[in-house]
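What follows is a set of notes on a single structure, which appears directly below.
The values are calculated or read from the model by the stated rules, or taken from the named source; none is laboratory data. Since the structure is predicted, the reported quantities are computational estimates derived from the model, not experimental observations. Counting neighbours? That spans all protein chains shown, and the Cβs are built from the backbone with ideal geometry, glycine included.
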Amino acid sequence: MLTVGVDVGGTSVRAGVVDGDGAVLDTARAATPSGEEALEEAIGSAVAELASRHRIAGVGLAVAGFVASDLRTVRFAPHLAWRQAPVAERISQRVGMPVVLEHDANAAALAEHRFGAARGAKIAALVAIGTGIGGALLLDGQVFRGAHGVAPELGHLRLVPDGRPCPCGKNGCWERYCSGTALSTTAVELLARHPGQSTVLAREAMGDPRAVTGRRVAGAARDGDPLAQRAMADLARWLGDGLALVADVYDPEVVVIGGGVSESAPLFLDDARERYAAVVTGAGHRPLARIRTAQLGDDAGIVGVATLARDVAASTARNGRPR
């Protein structure tokens with residue numbers, strides 16, 4: 001049974017045909033439109049393109065936002081047009097097959113548990129580090145959603161009282177210190193204090209501070225730039241501190257580090273592991289979680305939600321209605 005997973009992000013809609021082994025067989029992509037109708041049309045067109053080449057049994061949408069516990073409604077998505085929208089029903093009517101929704105971090109965690117770095121773990125957490133931080137928790141392979149379907153918002157744990165302002169309205173959130181955006185912010189702050197430590201980044205910042213992106217800082221760190229390496233060490237420290245909080249609350253067997261920033265893991269992950277091991281409660285007197293990088297990369301959300309769609313399609317075929 002083939003299903004389609006669609007990663008609905010703020011900039012692009014990425015769809016993929018996924019088989020039962022988690023392999024992505026074919027893909028389609030479109031830019032993310034700003035309005036609800038246009039967005040749903042773009043998703044329907046991507047699915048239709050793939051369905052023209054494959055026999056598809058169901059569709060899953062991985063959404064960066066709050067998904068209701070029935071996996072049918074998007075309550076809120078900060079970078080998308082949906083607000084309390086019955087998205088599964090609308091898309092199902094467009095594509096003529098069962099549709100299920102899932103938070104993108106939950107979808108990635110499900111994929112890593114089924115096929116990747118968290119395979120077989122009873123309690124697993126995923127920390128997706130990109131523009132911000134997405135989080136997911138699996139208990140015996142099942143997604144923990146909290147009472148209202150919005151848990152766990154790990155990126156908005158407050159690590160620094162009165163710290164950097166966050167778009168969520170708080171100050172000092174974890175993702176303001178440990179993300180691609182945070183890496184850029186830290187580098188610009190260091191340049192203001194120590195402009196002579198990085199002539200390359202300083203020159204780029206003088207032209208346009210927005211040019212000092214997290215990806216650019218990581219590249220400079222790989223090239224041996226001392227200021228970029230300081231910024232990366234700062235990210236490693238905050239990652240370790242945040243992982244210690246996650247371990248204090250959930251005590252996971254494994255933590256999977258995903259998201260775009262994980263591509264630079266060789267620059268920071270060993271230091272983050274050391275920091276986590278040093279500051280976690282009971283350090284030296286408790287087992288530590290294994291901290292691993294994601295194995296499925298950018299396809300994790302697509303694979304995870306397509307796998308969920310397969311389960312729903314199978315249930316629909318048996319019972320005549322989604323499970």
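Some points to look at:
- Verdict on D225 being among the charged types (D, E, K, R) and surrounded by 15 or more Cβ atoms within 10 Å (Cβ to Cβ): yes
- All positions within the range 249-269 that are more than 19 Å from the chain's Cα centre (by Cα) and within 17 Å of G155 (Cβ to Cβ): V249
- Within the range 309-323, the only residue that satisfies the criterion of being in a loop (DSSP other than H, G, I, E, B) and surrounded by 15 or more Cβ atoms within 10 Å (Cβ to Cβ) is P322.
- Restricting the range 112-165 to residues that are β-branched (V, I, T) and either out of contact with any Lys or Arg (no Cβ under 9 Å at 6 or more places or on another chain) or assigned by TED's automatic domain parsing to the domain that holds V63 (or both), the residue that is nearest to V254 (Cα to Cα): I123
- Some residue of the range 151-160 being touching a helix residue (DSSP H, G or I) at 6+ places or on another chain (Cβ under 6 Å), outside any loop (DSSP other than H, G, I, E, B) and closer than 30 Å to E102 by Cβ: yes
- Where a residue in the range 29-51 is within 19 Å of W82 (Cα to Cα) and assigned by TED's automatic domain parsing to the domain that holds A15 and its partner, wherever it lies, is assigned to a helix (DSSP H, G or I) and among the polar types (S, T, N, Q), with Cβ under 9 Å and at least six apart: A30/S45
- Inter-residue pairs, beta-carbon under 8 Å, first surrounded by 15 or more Cβ atoms within 10 Å (Cβ to Cβ) and in the range 184-196, second aromatic (F, W, Y), 6+ apart: T186/Y177
- Unique residue being touching a helix residue (DSSP H, G or I) at 6+ places or on another chain (Cβ under 6 Å) and of a type in the set (V, I, T) when the list is I257, I291, I302: I291
- Looking across the range 10-30 at every residue that is polar (S, T, N, Q) and at pLDDT below 95, the one that is farthest from A314 (Cα to Cα) is identified as T11.
- Some residue of the range 31-53 being modelled with pLDDT of 95 or more and closer than 18 Å to A108 by Cβ: no
- Unmet criterion (only one of (1) touching a strand residue (DSSP E or B) at 6+ places or on another chain (Cβ under 9 Å); (2) in the same structural domain as A218 (by TED's automatic domain parsing)) for I302: (2)
- Hits in the range 21-64 (condition: out of contact with any His (no Cβ under 7 Å at 6 or more places or on another chain) and in a loop (DSSP other than H, G, I, E, B)): D21, G22, A23, T32, P33, S34, G35, S52, R53, H54, R55
- Total residues in the range 266-288 satisfying the condition of being surrounded by fewer than 23 Cβ atoms within 10 Å (Cβ to Cβ) and either out of contact with any helix residue (DSSP H, G or I) (no Cβ under 9 Å at 6 or more places or on another chain) or not in a helix (DSSP H, G or I) (or both): the figure is 9.
- Top-ranked residue of the range 289-308 - restricted to ones that are in contact with a Lys or Arg (Cβ under 7 Å, 6 or more places away or on another chain) and touching a residue at least 60 places away in the same chain (Cβ under 8 Å), ranked as surrounded by the most Cβ atoms within 10 Å (Cβ to Cβ): I302
- Identity of the residue in the range 69-100, part of a strand (DSSP E or B) and touching a residue at least 60 places away in the same chain (Cβ under 8 Å), that ends up nearest to R55 (Cα to Cα): V99
- The number of residues in the range 276-304 being hydrophobic (A, V, I, L, M, F, W, C) and either over 20 Å from G135 (Cα atoms) or in contact with a Leu (Cβ under 8 Å, 6 or more places away or on another chain) (or both) comes to 9.
- One residue stands out in the range 270-287 among those that are hydrophobic (A, V, I, L, M, F, W, C) and under 17 Å from L154 (Cβ atoms): the one that is nearest to the chain's Cα centre (by Cα), namely A272.
- Residues considered: A124, A118, A108. Of these, the only one that is buried (at least 24 other Cβ atoms within 10 Å of the Cβ), under 9 Å from the mean Cα position of the chain (by Cα) and either assigned to a loop (DSSP other than H, G, I, E, B) or hydrophobic (A, V, I, L, M, F, W, C) (or both) is A108.
- The residues on offer are A300, A306, and the sole one that is at pLDDT 95 or above and among the small types (G, A, S) is A306.
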